[in-house]
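The values are calculated or read from the model by the stated rules, or taken from the named source; none is laboratory data. Since the model is a prediction, treat every value here as computed from it, not as a measurement. All Cβ positions, even for glycine, are placed from backbone atoms using ideal geometry, and neighbour counts span all protein chains on display.
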Amino acid sequence: MANVTKNRPLSPHLQVYKFIPTMAMSIMHRITGVALYVGTILVAAWLIAAASGEDYFNQVNDLFGSFLGQVILFGYTWALIHHLVGGLRHIMWDLGYGFEKEFSTMLAKANLVASIALTVLVWAVVLLVR
Amino acid sequence: MDMRTPLGKVRGLGSAKTGTDHFWKVRTTSVVLVPLMLFYIGFLVMYAGRPYAEVVDALANPFVATINALTVIASIVHMRLGMEEVIQDYIHSETAKLALLIVNASFSLLVGGLCLIAVLKIAFAG
């Protein structure tokens, strides 16, 4: 038999579609998820240092407190909040609500705005409390 | 002759024989993680950058330790399942897929174990 898989028509893929907000937030949800996965190393480092004694804890705190450390932690905060807010949209869809085109597009944009605003708010509070 | 209807053939546990188990666990962990993460963010806002004694004292509180341990468990299950989906979606070579799934399971267990032991050590031994 001839090779049937070779001559099959190909279905259109990502690049032929216009890039829209819901698509962007869909892939952002996955990227932030992967970032959070890798970032658990930071949480583990902090907890283990706290469990290992004052010297270890101060070393890790110094690393987190450095400029690069703060930039990474800011990004990590945003990834967590973005994934959290995006997760709420997914729970809504799983319950069967919110599939209308205009509404879901609005919500996709709101997801990004909310995650950035909340991240800035969290860091503002952290810096004010200190 | 197969007397089963087309619908009958696809009912049940599906090709992976696990049914909706994966989907369901991702959703249930995601729902419990919403309040847990809000607590966690609040905790970090209060204690990030604070001195050692203060942080350990806060982590040793039984209520905080319990919430912490539950957060670690729910997070590890959720992130392992999520990464499994990513690997299965993008890695098409059977060998690489299998290897990465093992790496994923190992990494999740290792990080989860480390975090849990740290939380418990602080809770019980300070």
Practice problem: Scan segment B:45-61 for residues that are more than 8 Å from chain A (Cβ to nearest Cβ) and buried (at least 16 other Cβ atoms within 10 Å of the Cβ) and report the count. | Solution: 3
Quiz item: Do any residues in segment B:50-71 that are farther than 22 Å from A:Leu80 by Cα have Cβ atoms under 7 Å from those of residues that are charged (D, E, K, R), where the two are at least six apart or on different chains, and which pairs are they?
Solution: B:Tyr52/A:Glu54
Quiz item: Taking the stated definitions as given, is B:Val72 buried (at least 17 other Cβ atoms within 10 Å of the Cβ) and away from every other protein chain (no Cβ under 12 Å)?
Solution: no
Quiz item: If you check A:Leu95, A:Leu84, which single one turns out to be of a type outside the set (D, E, K, R), within 12 Å of chain B (Cβ to nearest Cβ) and over 18 Å from B:Ser75 (Cβ atoms)?
Solution: A:Leu95
Quiz prompt | Residue check for B:Leu100: of a type outside the set (Val, Ile, Thr), modelled with pLDDT of 95 or more and crowded, with 16+ Cβ neighbours inside 10 Å | solution = yes
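Which one of B:Gly42, B:Gly14 is more than 30 Å from A:Val125 (Cβ to Cβ) and surrounded by fewer than 18 Cβ atoms within 10 Å (Cβ to Cβ)?
On the way: B:Gly42 fails: more than 30 Å from A:Val125 (Cβ to Cβ).
So the residue among B:Gly42, B:Gly14 that is more than 30 Å from A:Val125 (Cβ to Cβ) and surrounded by fewer than 18 Cβ atoms within 10 Å (Cβ to Cβ) is B:Gly14.
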Quiz item: In the set A:Thr40, A:Thr77, which member is more than 18 Å from A:Met25 (Cα to Cα) and either facing chain B (nearest Cβ under 10 Å) or at pLDDT 95 or above (or both)?
Solution: A:Thr40
Exercise. Please tell me if A:Thr77 is of a type in the set (Ser, Thr, Tyr) and closer than 20 Å to A:Val38 by Cα.
Key: yes
Quiz item: Just one of the numbered conditions (1) surrounded by fewer than 17 Cβ atoms within 10 Å (Cβ to Cβ); (2) modelled with pLDDT of 95 or more; (3) more than 8 Å from chain A (Cβ to nearest Cβ) is not true of B:Leu81; which one?
Solution: (1)
